[in-house]
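To start, the structure under review is shown below, and the notes come after it.
The values are calculated or read from the model by the stated rules, or taken from the named source; none is laboratory data. Just so it is clear, the structure is predicted and the values come from calculations on it, not from any experiment. Neighbour counts are summed over all protein chains in view; Cβ atoms, including those assigned to glycine, are modelled from backbone coordinates with ideal geometry.
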Amino acid sequence: MADLTTKYLGLSLKNPIIIGSSGLTDSVEDIIELERNGAAAVVLKSIFEEEILMETEHIIQQAQEDGYDEKAFDYYDYKIKDNNLSAYVNLIKGAKKAVHIPVIASINCHSGHEWPYYAKRFEEAGADALELNIFTLPTNMKRTCQDNEQVYFDIIEKVKKEISIPISLKISFYSANLGPFIVKLSETGIRGLVLFNRFWSPDIDIETLKIISSNVLSRSEDFSLSLRWIAIMSERISCDLAASTGVHDGSALIKQLLAGANAVQIVSALYRNGKGYIQNYLHDLNTWMERHDFVTIDQFRGKMSQSKTEDPAMYERVQFMRYFRGHNA
Amino acid sequence: MSIKGTLLPFSALKFLGKKPHTVRYPYQKKKTAERYRGFHYNDIEECIGCGTCATICQNEAIDMIQIEGIEAKKGDSGLRPRVDNGRCCWCGLCVEMCPTGSLSLTDQYLHTSSDPESYLLVPGVDHPEFAEHLSFVKDDEVRLLDLARVPMKELDPQERVKSFAEVVVGYMQEEARREATRCIDCGICVTACPDHMHIPEYIGAIADADDELALKYIYDNNPMPEMCGKVCTRQCETVCAIGHLGEPIAIRWLKRYATEQFPDPAAVLNPTIAPANGKKVGIVGAGPAGLSAGYYLALRGFDVTIYEALPKAGGMTFAGIPKYRFPMDSLDKQIGYMEKIGVKIKYNTRVGKDITFQEIRKNNDATFIGIGFHVPYKLGISGEDLQNSIQAIEFLRTINLGGNVYVGKKAVVIGGGNVAIDAARVARRLGAEVTILYRRRVQDMPADWEEIEAAEDEGVEIIPQGIPLEIIGEDGKVKAVKYGMAEMVPDPRGGRPRPKLIEGNEHIMETDTIIGAIGQEADYSFLPEDLKEELKIERGRVVVNEFKQTSIPDVFAGGDNVNRTMDAISAIADGVKAVEGITHYLMDE
């Protein structure tokens with residue numbers, strides 16, 4: 001039996017499988033079941049500031065329809081926020097009592113001043129680490145790339161002042177300068193980066209002419225985007241890396257580890273196949289390690305990163321060139 | 001008879017066969033005189049259906065009738081005048097007395113018909129084109145209505161911040177009589193009052209110098225009128241007919257006047273208490289809702305016990321309203337009267353701790369929950385737990401209980417409602433420079449505008465569009481507050497604009513104390529778990545029917561934890577309505 005342990009954000013994990021922030025991780029019962037099926041850590045479903053605002057708007061609208069004066073709900077969003085935060089704190093506490101694996105809290109705010117307060121509450125509740133989910137779609141035509149990126153550094157600085165538990169950052173691939181951006185982020189003192197976030201995407205219903213949601217779950221081919229960047233960045237930065245999106249089977253897990261990831265986050269595969277599917281990953285990893293005579297993950301982690309592979313240029317190739325027609329590349 | 005006289009008629013024969021010569025002048029509609037008084041026109045949108053025209057008409061030529069498309073609403077009876085032009089003498093008195101100026105007379109006068117019904121016209125509905133022919137309109141020079149309110153004296157702002165002396169002086173007798181005579185007795189205010197008090201009746205009694213009668217009218221459905229006379233939100237005044245063109249009748253101050261004339265209401269009211277009917281009612285909370293329910297139930301012969309956690313009754317009117325607005329002796333007088341007629345109040349008894357709700361329910365035939373909103377919303381920012389970061393509700397309660405609270409030289413109050421204003425003005429009186437930080441504009445503040453003005457007169461600074469971001473501490477105590485500025489973003493649905501933080505526009509204000517006043521909610525922890533599930537609660541409020549009965553038949557509720565307006569008069573109205581509900585529930589077959 002191979003040693004599947006790894007380290008991520010300074011936390012010792014029994015294997016590289018982290019269950020990503022999702023509906024799979026928003027109840028203590030589910031978290032218990034995930035641990036029982038072999039998950040090494042969980043990232044709790046993100047608490048979204050935007051959701052709180054939307055919930056408040058909805059309640060106020062309903063209240064107005066019922067004849068209430070809107071002034072009666074002057075600061076009602078503060079109450080909703082407190083209710084949601086309290087519920088989240090209870091989730092952290094409940095999860096920590098119920099399982100032995102690390103519990104990572106996750107927050108998603110879009111206004112800078114909320115992050116430190118949320119972070120402090122989660123640390124006090126016992127979260128083992130904090131994953132910051134920061135992203136604003138760059139559609140503001142008046143903001144520069146630098147303006148958009150500066151938000152990340154401001155938030156990290158504010159949060160770091162408040163808490164001492166490890167911080168990881170889940171980012172998107174939307175950047176004109178992704179490589180240097182990742183390097184700069186890693187130098188802020190955060191302990192890990194999660195590549196990459198998966199977003200809600202729009203689609204069009206051509207019959208009803210309405211905007212609808214496109215596929216919510218990822219596909220296995222989605223993993224290549226994070227694979228590329230994990231491989232490129234893993235030897236260039238000092239913080240840990242977790243691969244996310246499209247890790248749907250054991251081979252994808254192994255590939256990400258070979259690229260240099262410390263761990264992977266999985267969600268869609270479990271939605272499709274159930275929580276017991278975690279065992280498939282672990283079985284595949286263990287079998288492959290035994291077949292290749294690897295005793296520990298550190299023996300092969302990063303073996304196929306850009307700096308270590310025989311053909312590093314392959315990770316930077318983006319165009320389909322002539323000889324692809326022969327399916328040689 | 002002379003021959004000439006005999007022959008003269010025959011001289012007409014010279015015209016025989018000649019064509020008559022007719023002189024035709026051009027047709028000219030005769031111009032009416034200035035301020036001619038012809039048929040009526042009424043702007044039915046401006047009209048509030050107060051019926052003053054009908055009342056003042058000396059010929060009883062005006063009836064108030066229902067019109068299709070016009071619904072009754074707050075400040076509008078939904079009725080409109082119909083004029084019987086067979087009776088009308090076109091004196092124009094109705095126009096002069098119209099409080100909104102919607103009624104006028106026109107220069108239109110032609111109408112010929114043998115059908116008497118055709119002379120019944122609804123101005124503004126019939127012949128809307130008369131709007132272009134207004135002739136006799138309300139004269140601004142000659143006023144039959146007294147539009148100016150008798151001013152209320154108040155203590156000087158610079159002096160009154162030095163103490164908790166009552167700010168409002170009150171009307172002298174002559175002032176009250178004068179103010180009362182301004183009322184035109186239209187009754188529009190009654191529907192706006194949540195408790196539907198007998199406003200024209202008690203104002204009329206004051207005008208007639210019968211203050212005892214006024215008190216009786218007032219106490220008919222309000223057992224805390226002196227409190228209302230000092231701090232009511234006076235929705236009645238917002239719809240007062242006189243207020244359309246002038247200043248509304250000072251209904252609140254007149255109520256205050258009537259109640260202050262009698263140190264012992266019992267001596268005047270001499271209420272008839274029904275014999276004991278053998279039914280017991282337990283009431284949780286001695287606020288306006290619970291007290292009102294208790295008072296009227298006791299009058300009907302119910303055995304009433306109110307359980308109150310604090311050492312004094314009154315709820316928020318005791319714990320939340322500062323004494324410069326509502327003095328303690330005023331409250332004591334009203335509570336004392338209730339206890340005199342048989343309402344039992346158990347003080348220092350917290351339901352859920354000193355006695356269980358189950359026990360109250362078991363020992364009574366019905367219960368009433370009037371617990372109010374006493375649990376403050378948290379600010380939810382870093383530093384909230386520092387020393388000297390306090391909640392306004394607790395601050396005001398401690399002060400009213402005679403305790404001391406440190407505010408230092410500078411206090412910042414966060415919020416924009418009446419509690420925030422009260423906290424700010426109390427902090428001023430404790431010697432602090434005070435700033436209110438409110439995240440919307442001043443005009444968006446839920447607080448009473450008179451209170452906002454009074455606070456500003458007393459030197460309270462208001463920073464609008466300010467969002468607190470962090471409370472900065474030193475040695476575990478409040479040292480400063482960091483706040484950002486907000487831009488107001490319009491609500492696409494037409495609601496209040498939303499404050500949106502402007503990133504990067506942050507300020508730090510040094511302060512000794514932070515007082516949070518952003519809202520309150522109810523504490524339902526006293527309810528047993530099984531009842532919490534059975535009791536229907538939405539958005540923090542107990543759901544009740546029109547008789548304040550909850551989803552549990554023997555449990556009734558009222559006050560801030562039920563109604564939408566969250567003021568004392570609405571709580572009183574809830575209590576009064578619950579009395580009907582409880583009586584029906586317990587006494588009907």
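Does segment A:86-95 contain any residue that is assigned to a loop (DSSP other than H, G, I, E, B) and either among the small types (Gly, Ala, Ser) or modelled with pLDDT of 85 or more (or both)? No: zero hits.
When A:Ile80, A:Ile104, A:Ile32 are checked against the criterion of being modelled with pLDDT under 95 and either assigned to a strand (DSSP E or B) or surrounded by fewer than 23 Cβ atoms within 10 Å (Cβ to Cβ) (or both), A:Ile80 stands alone in meeting it.
Of all residues in segment B:545-584, those being within 14 Å of another protein chain (Cβ to nearest Cβ), surrounded by fewer than 24 Cβ atoms within 10 Å (Cβ to Cβ) and β-branched (Val, Ile, Thr) number 1. Can you tell me which residues in segment A:197-227 are under 17 Å from the mean Cα position of the chain (by Cα) and not in a loop (DSSP other than H, G, I, E, B)? Matches in segment A:197-227: A:Ser220, A:Asp222, A:Phe223, A:Ser224, A:Leu225, A:Ser226, A:Leu227. Scoring B:Glu60 on the criteria (1) assigned to a loop (DSSP other than H, G, I, E, B); (2) more than 31 Å from the chain's Cα centre (by Cα); (3) at pLDDT below 95 leaves a single failure, condition (3). Given the structure, is B:Asp220 within 21 Å of B:Pro288 (Cβ to Cβ) and of a type in the set (D, E, K, R)? Considered against the rule, which asks whether it is within 21 Å of B:Pro288 (Cβ to Cβ) and of a type in the set (D, E, K, R), B:Asp220 comes out as yes.
Within segment A:135-152, take every residue that is hydrophobic (A, V, I, L, M, F, W, C) and more than 14 Å from chain B (Cβ to nearest Cβ) and give me the one that is surrounded by the fewest Cβ atoms within 10 Å (Cβ to Cβ).
Per the stated criteria, the residue is A:Met141.
Inspect all residues belonging to segment A:148-162 and state whether any of them is in a loop (DSSP other than H, G, I, E, B) and over 17 Å from the mean Cα position of the chain (by Cα). There is no residue in segment A:148-162 that is in a loop (DSSP other than H, G, I, E, B) and over 17 Å from the mean Cα position of the chain (by Cα).
Scanning segment A:51-100 for residues that are within 14 Å of chain B (Cβ to nearest Cβ) and among the β-branched types (Val, Ile, Thr) turns up A:Ile52, A:Thr56, A:Ile59, A:Ile60, A:Ile80, A:Val89.
For segment B:334-356, the criterion of being surrounded by 17 or more Cβ atoms within 10 Å (Cβ to Cβ) and basic (Lys, Arg) is met by no residue. Checked against the criterion of being among the small types (Gly, Ala, Ser), under 24 Å from B:Leu79 (Cβ atoms) and at pLDDT below 95, segment B:246-260 contains one or more residues that satisfy it.
Candidates are the residues of segment B:64-93 that are in contact with a strand residue (DSSP E or B) (Cβ under 6 Å, 6 or more places away or on another chain) and under 21 Å from B:Leu144 (Cβ atoms); the one that is modelled with the lowest pLDDT is B:Gly92.
Return the residues of segment B:388-401 that are out of contact with any Gly (no Cβ under 6 Å at 6 or more places or on another chain) and either charged (D, E, K, R) or not in a helix (DSSP H, G or I) (or both); say none if nothing qualifies.
Residues satisfying the conditions are B:Asn388, B:Ser389, B:Ile390, B:Glu394, B:Arg397, B:Leu401.
Answer with yes or no whether A:Tyr118 is part of a helix (DSSP H, G or I), within 14 Å of chain B (Cβ to nearest Cβ), modelled with pLDDT under 90 and within 26 Å of A:Ile190 (Cβ to Cβ). So A:Tyr118 fits the description; yes. Quick one: in segment B:492-502, of everything that is without any contact (Cβ under 8 Å) to a residue 24 or more places away in the chain and within 9 Å of chain A (Cβ to nearest Cβ), which residue is farthest from B:Thr513 (Cα to Cα)? The selected residue is B:Arg493. Selection of segment B:298-353 for residues being over 27 Å from B:Met152 (Cα atoms) and aliphatic (A, V, I, L, M) yields B:Ala298, B:Leu299, B:Val304, B:Ile306, B:Ala309, B:Leu310, B:Ala313, B:Met338, B:Ile341, B:Val343, B:Ile345, B:Val351. If you go through segment A:183-198 one residue at a time, do you hit one that is touching a Gly at 6+ places or on another chain (Cβ under 9 Å), at pLDDT below 85 and charged (D, E, K, R)? Yes: segment A:183-198 contains one or more residues that are touching a Gly at 6+ places or on another chain (Cβ under 9 Å), at pLDDT below 85 and charged (D, E, K, R). Just give me the residues in segment B:91-136 being closer than 15 Å to B:Tyr36 by Cβ, assigned to a loop (DSSP other than H, G, I, E, B) and free of Cβ contacts under 8 Å to residues at least 60 places away in the same chain, in sequence order. Once the filter is applied, which keeps residues that are closer than 15 Å to B:Tyr36 by Cβ, assigned to a loop (DSSP other than H, G, I, E, B) and free of Cβ contacts under 8 Å to residues at least 60 places away in the same chain, segment B:91-136 yields B:Cys91, B:Gly92, B:Leu110.
You will find that of A:Asp240, A:Asp249, the residue that is surrounded by fewer than 24 Cβ atoms within 10 Å (Cβ to Cβ) and either closer than 18 Å to A:Ile18 by Cβ or under 15 Å from the mean Cα position of the chain (by Cα) (or both) is A:Asp249 and no other. Of all residues in segment B:369-390, exactly one satisfies the criterion of being away from chain A (no Cβ under 12 Å), touching a Lys or Arg at 6+ places or on another chain (Cβ under 9 Å) and either closer than 30 Å to B:Ile552 by Cα or surrounded by 23 or more Cβ atoms within 10 Å (Cβ to Cβ) (or both), namely B:His374. Working only within segment B:439-486, note down all residues that are without any contact (Cβ under 8 Å) to a residue 60 or more places away in the chain, away from every other protein chain (no Cβ under 14 Å), of a type in the set (D, E, K, R) and assigned to a strand (DSSP E or B). Scanning segment B:439-486 gives B:Glu461, B:Glu474, B:Lys479. Restricting B:Ala313, B:Ala289 to those that are buried (at least 24 other Cβ atoms within 10 Å of the Cβ), free of Cβ contacts under 8 Å to residues at least 60 places away in the same chain and within 27 Å of the chain's Cα centre (by Cα) reduces the list to B:Ala313.
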